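Let me begin by presenting the structure, written as structure tokens, before commenting on it.
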Amino acid sequence: MPDKTITIRATRYDPEKDEKPRLQSYDVPFYDESMVVLDALNHIKSHVDGSLSYRWSCRMGICGSCGMMVNGMPKLTCNAFLRDYWPRPIVVEPLNNFPVIRDLVIDMDDFMHKLKSIKPWIIRKQEIPLGAREHRQTNEQIDDFRQFSECINCMLCYAACPVYGLNSEFLGPAATALARRYNLDSRDQGLKERLPVIGGAEGIWECSFVGECSVVCPKGVDPAKAIQQTKLDTTMRFVLPYGNRD
Amino acid sequence: MTTEAHTAQPEYRWRMPADWWARQRHYFLYVVREFTALPLALWLLWLLVEIKRAGDGPGRYAPHGSMPFVVFSVVVLLFALYHSYTFLSLAGTILHFKVFDRPVPSRLIVLSQFGLWAAASVVVGFALIWFAR
């Protein structure tokens, strides 16, 4: 047992017993400078309390499933190093702005509905038959949307967005960034199908550019940029002659 | 697990605390940025009233020169400067265009915005001094 320990204060919530979430403290051995918050949670689950519930999968910042509030900031727990917090305790809570199902597990249904609503796939007016030919793109055409394609749907941006916190109908940062990713794709022809959602009453115009979504994004997607640029583009479509072309 | 099964479970509904804006520096600065528009709008409304009075003739024109109004105007000026600074700083995020097929760096866009702001201020300043002579 190493001498060094760190205190993890994790949210516990059993919907069948608890009226509201509460914090429970655990002392976790801190034996390696490369340890992350997710390691500490895994230690608790394996050695202290197997009933602690949370999501995780890849442990390398790719799957986007281990997002939680770490000392009040939305973070991927696989990318939050204990050494950055020690010797202070670390408070681990479920992502803000979402209903809590159990302990650190949030209900993702709202985000999933929003994601589906912007049709995050390539839409063609007429599909090219498989094997006929490929959709060619230049490097410059890929660069146009590459940044927005890095989104891993971790929902940290939603947890950081006070606009979404105050109005859960708001389409939100990641869904808009992904809509922009497809709208900028030279192979895509689905802009008009997405416009009613992104330009609707709960779409981009709800955003007042807090900017925190881009601060917390672990992949540098910059959803705030996607939203503001979409505002400008939709305005130009409205103002410019022939702006509403395909 | 299906959606129906999810919604059938009891969940804890998260609520934004009333002091969310005071819990983090970034949120606080955002709220300040948004708030600066309010006194600015009030000051501009008063300016419209004065312009209307000036249009009614010299007899009706009586500009507000009290010390509280001067202090208010100075505070509004500071707010306007802060709001303009934040607005122009964000221009590099919003504007995106290419020159010779290359995207213009956002830093250059921001610098050009501040340059235009400075140039416009000089022109307006000269115009005001010219007409006031």
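Brief remarks follow.
- Loop GluC sites (Glu not before Pro), segment A:134-214, which have at most 13 other Cβ atoms in a 10 Å radius of their Cβ (DSSP): A:Glu134, A:Glu169
- The protein assembly as shown: translational diffusion in µm²/s, Stokes-Einstein, Kirkwood Rh over Cα pairs, 10 °C, 1.306 mPa s: 65
- Annotation: Cα Rg of chain B relative to the compact-globule expectation 2.2 N^0.38 Å equals 1.66.
- Net dipole in debye of chain B [+1 Lys, Arg Cβ; -1 Asp, Glu Cβ; about Cα centre; nearest 20]: 300
- Compared with the rule-of-thumb size 2.2 N^0.38 Å for a compact globular protein, segment A:5-106 has a Cα radius of gyration ratio of 0.99.
- Loop-located chymotrypsin sites (Phe, Trp or Tyr not before Pro) in segment A:35-118, at most 15 other Cβ atoms within 10 Å (DSSP): none
- Taking amide H positions as modeled 1.01 Å from N, with prolines and chain starts lacking one, the residues under 5 Å from A:Val91 and 5 or more places away or on another chain are A:Arg9, A:Asn71.
- Net charge contributed by nearby residues that have their C-beta within less than 12 Å of A:Tyr85 (K/R +1, D/E -1): +3
- Formal net charge of residues neighbouring B:Ala91 (Cβ-Cβ distance under 15 Å; K, R +1; D, E -1): +3
- Listed by chain and number, the lysines placed with their C-alpha closer than 19 angstrom to that of A:Lys75 are A:Lys219; residues fewer than eight positions away on the same chain are left out.
- Loop sites in segment B:60-113: chymotrypsin sites (Phe, Trp or Tyr not before Pro), DSSP, at most 12 other Cβ within 10 Å: B:Phe97, B:Phe100
- Cysteines without a disulfide-compatible partner [the protein assembly as shown; Cβ-Cβ under 4.7 Å]: A:Cys66, A:Cys78, A:Cys151, A:Cys154, A:Cys161, A:Cys207, A:Cys217
- Max mean-square fluctuation residue, GNM over chain A, Cα-Cα springs under 10 Å, options A:Thr11, A:Thr138, A:Thr176: A:Thr138
- Segment A:109-239 - charge dipole about Cα centre, Lys and Arg +1 at Cβ, Asp and Glu -1, debye rounded to 20: 420
- Mean partner shielding of peptide B:28-36, defined as the number of other chain Cβ atoms within 10 Å of each residue Cβ, is 2.
- Ordering B:Thr86, B:Ala18, B:Ala132 by the projection of their Cα atoms onto the charge dipole of chain B, which places +1 on the Cβ of Lys and Arg and -1 on the Cβ of Asp and Glu, puts B:Ala132 at the extreme positive end.
We did not get these values from a lab; they are worked out from the coordinates using the rules stated. Values in this document were obtained by computation on a predicted structure and should not be read as measured data. Backbone-built Cβ (ideal geometry, glycine too); neighbour counts: all protein chains shown.
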